Amino acid sequence: MIEAIGLTKRFDGFTAVDDVTLNVNAGGLFALLGPNGAGKTTTVRMLSAILAPTLGSARISGYDVVAEADQVRRQIGLLTEQPGLYSRSSGLEYVTFYGRLYGMEDTHIKRRALELFDRFNMPNTAQRRLGEYSKGMRQKVGIIRAMLHDPVVLLLDEPTSAMDPHSAKLVRDAVLELRNERRAIIVCTHNLAEAELLADRIAIISEGRIIAEDDPATLKKQMQRRQRFE
């Protein structure tokens with residue numbers, strides 16, 4: 001469902017992503033773990049057909065991210081680290097704007113949006129201005145926007161960045177609720193505990209390269225053994 005082979009991105013001689021290969025099947029939740037600047041966001045931007053790779057290829061639900069970019073964008077829901085909410089609009093007005101971009105009818109948008117507000121424990125908040133929302137609520141609205149058209153692929157870049165522990169837990173619980181047998185999810189994070197909680201497979205990325213990949217338990221044991229010998 002999500003496939004990248006040798007994905008590489010260079011900017012004026014600087015290699016931001018270097019030969020990244022990954023595969024996420026339907027039902028999988030894959031964590032891309034690494035510090036700021038490791039290449040996580042650039043990888044997600046290539047997978048979402050925002051950036052064209054310098055080398056390599058990627059496919060989303062069988063569609064090539066370069067040759068079939070429009071089809072790719074219809075398949076995905078994307079949450080960026082800073083969703084860019086419009087504080088003067090209400091939550092419902094905000095997601096309605098994006099629903100129209102996806103070609104959805106207003107009646108369908110409203111029904112779907114209100115279902116998602118309820119699902120993420122935000123009843124009776126859709127008519128409130130986004131500027132009145134807490135950080136955790138705003139991030140969940142970003143997830144609602146990404147989920148509005150019921151995509152089969154979700155790309156979530158640092159969904160709990162700069163949150164207090166309570167808000168972060170709300171968002172993690174929301175992400176876990178989104179897992180199902182027909183959807184593939186990638187979560188970018190710098191938090192090992194978060195990756196371990198959410199994902200069934202973790203890849204560690206450093207300086208643009210994936211340096212380790214495995215299931216959380218195996219990867220954690222490998223890291224502990226490595227630390228003992230350092």
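The values are calculated or read from the model by the stated rules, or taken from the named source; none is laboratory data. Note that the coordinates shown come from a computational prediction; the quantities given were computed from them, not determined experimentally. In this analysis, Cβ positions are derived from the backbone assuming ideal geometry, glycine residues included, and neighbour counts consider all displayed protein chains. Accessible surface is based on the protein model in full, side chains and every heavy atom, while ligands, DNA and RNA are left aside. Shrake-Rupley method; radii C 1.70, N 1.55, O 1.52, S 1.80 Å.
Numbers for the structure displayed
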{"quantity": "Enumeration of residues in region 6-31 that are in a strand (DSSP E or B) and open to solvent by less than 20 Å² (accessible area, probe 1.4 Å)", "calculated": "Gly6, Leu7, Thr8, Ala16, Val17, Val20, Leu22, Val24, Leu29, Phe30, Ala31"}
{"quantity": "Residue that is least open to solvent (accessible area, probe 1.4 Å) [pool: residues in region 57-116 that are of a type in the set (D, E, K, R) and in contact (Cβ under 8 Å) with a residue 40 or more places away in the chain]", "calculated": "Glu81"}
{"quantity": "Matching residues, region 166-179, being closer than 29 Å to Gly62 by Cα, assigned to a helix (DSSP H, G or I) and open to solvent by 70 Å² or more (accessible area, probe 1.4 Å)", "calculated": "Glu177"}
{"quantity": "Pairs, first part of a helix (DSSP H, G or I) in region 180-200, second open to solvent by less than 10 Å² (accessible area, probe 1.4 Å), C-beta under 7 Å, six or more apart", "calculated": "Ala195/Ala31; Ala195/Thr189; Ala195/Ile202; Leu198/Leu29; Leu198/Ala31; Leu198/Val175; Leu198/Val187"}
{"quantity": "The one condition in (1) touching a strand residue (DSSP E or B) at 6+ places or on another chain (Cβ under 7 Å); (2) open to solvent by 50 Å² or more (accessible area, probe 1.4 Å) that Gly37 fails to fulfil", "calculated": "(1)"}
{"quantity": "Residue list for region 141-156, restricted to those being open to solvent by 10 Å² or more (accessible area, probe 1.4 Å) and either more than 17 Å from Ala49 (Cβ to Cβ) or outside any loop (DSSP other than H, G, I, E, B) (or both)", "calculated": "Arg145, Asp150"}
{"quantity": "Selected residue [basic (Lys, Arg) and closer than 19 Å to Asp200 by Cβ] from Arg112, Arg128, Arg179, Arg145", "calculated": "Arg179"}
{"quantity": "Checklist (1) more than 21 Å from the chain's Cα centre (by Cα); (2) surrounded by fewer than 18 Cβ atoms within 10 Å (Cβ to Cβ); (3) at pLDDT 95 or above applied to Glu132, failing item", "calculated": "(3)"}
{"quantity": "Residue match in region 183-205 (condition: open to solvent by less than 70 Å² (accessible area, probe 1.4 Å) and farther than 22 Å from Gly39 by Cβ)", "calculated": "yes"}
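For every residue, the table says whether it meets (1) under 16 Å from the mean Cα position of the chain (by Cα); (2) under 26 Å from Leu192 (Cβ atoms); (3) of a type in the set (S, T, N, Q).
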site: Met1; (1), (2), (3): yes, yes, no
site: Gly37; (1), (2), (3): no, yes, no
site: Met46; (1), (2), (3): yes, yes, no
site: Pro53; (1), (2), (3): no, no, no
site: Ala67; (1), (2), (3): no, no, no
site: Gln75; (1), (2), (3): yes, no, yes
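So that you can scan it fast, the table gives a plain yes or no per residue for (1) modelled with pLDDT under 90; (2) among the hydrophobic types (A, V, I, L, M, F, W, C); (3) on the phi < 0 side of the Ramachandran plot:
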site: Ser61; (1), (2), (3): no, no, no
site: Ala69; (1), (2), (3): no, yes, yes
site: Arg100; (1), (2), (3): no, no, yes
site: Met122; (1), (2), (3): yes, yes, yes
site: Ile143; (1), (2), (3): yes, yes, yes
site: Met163; (1), (2), (3): yes, yes, yes
